[in-house]
Amino acid sequence: MNPAVSAVTDRIIERSRPTRAAYLDLIVRERDAGLKRPMLGCANLAHGYAGTEEDREAMKADRGMNIGIVTAYNDMLSAHAVYYRYPEQMKVWAREVGATAQVAGGVPAMCDGVTQGYPGMELSLFSRDTIALSTAVALSHGMFEGAALLGICDKIVPGLLMGALRFGHLPMILIPGGPMRTGLANKAKAAVREAYAEGKVGRDELLDAEIGAYHSKGTCTFYGTANTNQMMMEVMGLHMPGAAFANPGTKLRQELTRAATQRLAKIGWEGDDYRPLGHCVDEKAIVNAAVGLLATGGSTNHLIHLPAIARAAGIAIDWDDIDALSRAVPLVARVYPNGSADVNGFEDAGGMPFVIRELLNAGLLHGDILTVAGAFADYGKRPVIEGDTLRWEDPGASGDDTILRPASDPFSPEGGFRILSGNLGRACIKVSAVDRERWVIEAPARVFHDQAEVQVAFKAGELDRDVVVVVRFQGPRANGMPELHKLTPPLGVLQNKGFKVALVTDGRMSGASGKVPAAIHCSPEALGGGPLGRVRDGDVIRLDAVAGTLDAMIDAAEWNARELADCPLATEGMGRELFGLFRSAADEAELGASAIFAGAGL
């Protein structure tokens, strides 16, 4: 193993020792003394069997595993619309191996792409906690010996895992649906967005471009949070190998889903290959997820989601761990917004099997993790259909070295993230898409309290200069930590004009974080005393991704004497008031920005 990866892993294991031991004790107790289907009373079982006719006799006889399907299906969200027929297909495939399946429950699946820039986005992050709670409710009936988790996008996969890990004695497999086929190229879409921000094209042209890019069922094709989720599930061994990026509606996608369903029936506690989720997700799997994130330049959102997932399994990973890994892990992929290719191009070039094989051979991934499918080395092979048979083969060399490179000849010797710290707190920056000459920005601040204010100032020409745009009161306790993706086009326009531009915020940016330097997730957040509350217009801010610093260049005595700004944000409307408890209980971004762990004593 790479010594830096080993050192970080050892540090996480040692730090997590008491909480991980408590978690493993929990799942042993749940396995040995928890609720099991044969223990339910007859009236209880009758309620559980009443909704099915085809499988009732098999369930009564208790002849095989009953698989609980937790689904994020809805037909407003393209990535999850593909799940419409999955449960009925999975029931057939389960019967082929003597198992049964039932839909245990549904979880919400909101689309950040729809809510970007609007009040609904303030519910987005807490939808993850809601999904975790919904997953727990779905699995609480004691009716299932295993579970299939159907989810793909931004908060859905982390939420499913956070809830499912509290039932870690059950074997579980995550089942993706795949990306839509390529439409309008991402660079062309970005160009139209910037032209619209400058007033050079109208709304009709912008809408046509967006529909050309987001045109059918499946995940969006850029390498944002949804597709980063799928990468992480592969490097953690929680998918069938190579399942991440097969397109919807193909024979390969169908056979991978069939294989996942039938694999679940083989890894239950009644057989000799028991693979409970809580054992699959261990410290080494969490490190693998972080390594994959860095090696592929994935979404900044996972600097929040990964600590939250880990915490649900009794594991503590922090930003210092990720920063240390980033300095040791090479960048082997360039996928939009870190390159010109989309995830379909990435898949065609070799995809996750190529990445996993390369990182394994370089000693950057733990090869001894317990996966849902077999040996982790199997994830370095690509799935193919030969006749009607699903098999796996070596992915060969990169099909396009502008998209994928071997670990011995990477795009960069280091990963795509840095952690910043200074008198503005701690923050994250994604540098994989930022030109090296922009890693250090020093300019006067302009302070805002939401992204709409930034857009107004941009259109008025007030930002046509070197500027650090500070958007505060965007943290989880202030307003649910919305993404500020609407800022990407105007800030990109300013940068294209030759100005030195950066963003500093206690909010999130996006899986689409790109070419503009952005110090995000600033902690502690402005609400409650965070240092962003001290910043004033005109203060010189220095963001230095080389040195890892983020500072207001103000005399320390003056800085500490300043009063903190008041939070002006709304707390009602669009259902915000229903999430007041979540906001008040949320912890810092580095801990996962979750509202549910404190109440659970985690």
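Derivation of every value follows stated rules applied to the coordinates shown; laboratory data play no part. Predicted, not measured: the structure shown is a model, and the values here were computed from it. FYI the Cβ positions are ideal-geometry reconstructions off the backbone, even for glycines, and counts take in every protein chain you see.
Eigen-decomposition of the gyration tensor built on the alpha-carbon atoms of the stretch 103-215 gives equivalent ellipsoid semi-axes of 37, 15, 9 angstrom, largest listed first. Once both axes come from the Cα atoms, what is the angle between helix 3-33 and the longest principal axis of the chain, in degrees from 0 to 90, rounded to 10? So the inclination is approximately 40 degrees.
Normalised by 2.2 N^0.38 Å, where N is the number of residues, the C-alpha radius of gyration of the stretch 317-357 stands at 1.40.
Computed about the Cα centre, the dipole magnitude for the chain is approximately 500 debye when only Lys and Arg (+1) and Asp and Glu (-1) carry charge, each at its Cβ.
Here's the picture: charge each Lys and Arg Cβ at +1 and each Asp and Glu Cβ at -1 in the stretch 333-427, and of LEU360, SER412, GLY422 the one pushed furthest to the positive end of that dipole is GLY422. Only Lys, Arg, Asp and Glu carry charge here, each on its Cβ (+1 for the first two, -1 for the last two); on that basis the stretch 35-166 has a dipole of about 340 debye about its Cα centre. Its convex hull of Cα atoms gives the stretch 238-305 a direction-averaged projected area, equal to a quarter of the hull surface, of 5.9 nm².
When only Cα pairs under 8 Å and 6 or more residues apart are kept, what is the percent relative contact order across the stretch 293-432? Value for the stretch 293-432: 33 percent. Listed by chain and number, the aspartates and glutamates whose alpha-carbon sits under 17 Å from that of LYS91, ignoring those within fewer than 8 places in the same chain, are GLU53, GLU54, ASP55, GLU57, ASP62, GLU145, GLU255. Rg/Rh for the stretch 272-348 (Cα atoms only, Rh after Kirkwood) is 1.04. In the chain, the longest principal axis of the Cα atoms and the axis of helix 225-235 are about 50 degrees apart.
Across all directions, the shadow cast by the convex hull of the stretch 535-588 built on its C-alpha atoms averages 6.2 square nanometres. With a cut-off of 11 Å between beta carbons, the residues surrounding MET143 carry a summed charge of +1, where Lys and Arg count +1 and Asp and Glu -1.
The peptide list 536-542, 362-368, 101-107, put in order of mean Cβ contacts within 10 Å with the highest first, becomes 101-107, 362-368, 536-542. So which lysines pass the test for LYS459, namely a Cα distance under 29 Å, with those fewer than 8 places away in the same chain ruled out? Qualifying lysines at Cα under 29 Å: LYS187, LYS189, LYS200, LYS430, LYS486, LYS497, LYS500, LYS515. For the stretch 470-602, with the dipole built from +1 on Lys and Arg beta-carbon atoms and -1 on Asp and Glu ones, taken about the Cα centre, which of GLY480, LEU503, LEU591 lies farthest toward the positive end? In the stretch 470-602, that residue is LEU503.
Let a ≥ b ≥ c be the square roots of the eigenvalues of the Cα gyration tensor of the stretch 8-153; is it rounded (a/c under 1.5), or, if not, prolate (a/b larger than b/c) or oblate? Since a/c reaches 1.5 but b/c is at least a/b, the shape of the stretch 8-153 is classed as oblate. For the chain, the longest principal axis of the Cα atoms and the long axis of helix 351-361 meet at an angle of about 90 degrees. Length gained on full extension, ALA397 to ASP272, computed as 0.36 nm times the residue gap minus the Cα-Cα distance: 41.3 nm. Annotation note: chymotrypsin sites (Phe, Trp or Tyr not before Pro) in the stretch 239-329 located in DSSP loop regions with a Cβ neighbour count of at most 16 within 10 Å are TRP269, TYR274.
Would you please classify the overall shape of the stretch 418-479 from the alpha carbon gyration tensor, given that a ≥ b ≥ c denote the square roots of the eigenvalues, rounded means a/c under 1.5, and beyond that prolate means a/b larger than b/c while oblate covers the rest? Oblate, because a/c is 1.5 or more while a/b does not exceed b/c.
If a/c stays under 1.5 just call it rounded; otherwise compare a/b with b/c (prolate if a/b is bigger, oblate if not). Do that for the stretch 432-561, with a ≥ b ≥ c from the square roots of the Cα gyration tensor eigenvalues.
rounded
Between VAL454, MET574, SER16, the Cα set farthest toward the positive side of the dipole of the chain (charges on each charged residue's Cβ, about the Cα centre) is that of MET574. Assuming charge only on the beta carbon of Lys and Arg (+1) and of Asp and Glu (-1), the dipole of the stretch 229-280 about its Cα centre is about 220 debye to the nearest 20. Under 18 Å from a label point set 7 Å out along the Cα-to-Cβ vector of ALA452, the amide N atoms of the stretch 110-150 belong to 114-124.
Summing -39500 (n - 2.57) over the DSSP H runs of n ≥ 4 in the chain and dividing by its residue number, what mean residue ellipticity at 222 nm do you reach, to the nearest 500 deg cm²/dmol?
That calculation yields -11000 deg cm²/dmol at 222 nm.
As a ratio to 2.2 N^0.38 Å, the alpha-carbon radius of gyration computed for the stretch 156-238 takes the value 1.48.
Are there GluC sites (Glu not before Pro) in the stretch 1-104 that DSSP marks as loop and that have at most 12 other Cβ atoms within 10 Å, and which are they?
GLU53, GLU54, GLU96
If you average 1/r over every pair of different alpha-carbon atoms in the stretch 508-602 and take one over that average, what Kirkwood value in Å do you get? Roughly 16.0 Å, rounded to one decimal.
Roughly what % antiparallel, to the nearest 5, for the DSSP beta bridges in the chain?
That works out to approximately 45 percent antiparallel.
Descending by average beta-carbon neighbour count within 10 Å, the peptides 1-11, 281-291, 389-399, 425-435 line up as 281-291, 425-435, 1-11, 389-399, the highest first. The GluC sites (Glu not before Pro) of the stretch 397-489 that DSSP puts in a loop, and whose beta carbon has at most 12 other beta carbons within 10 Å, are GLU462. Taking Cβ atoms as reference points and 12 Å as the exclusive limit, the residues near GLY292 contribute a net charge of -2, counting Lys and Arg as +1 and Asp and Glu as -1.
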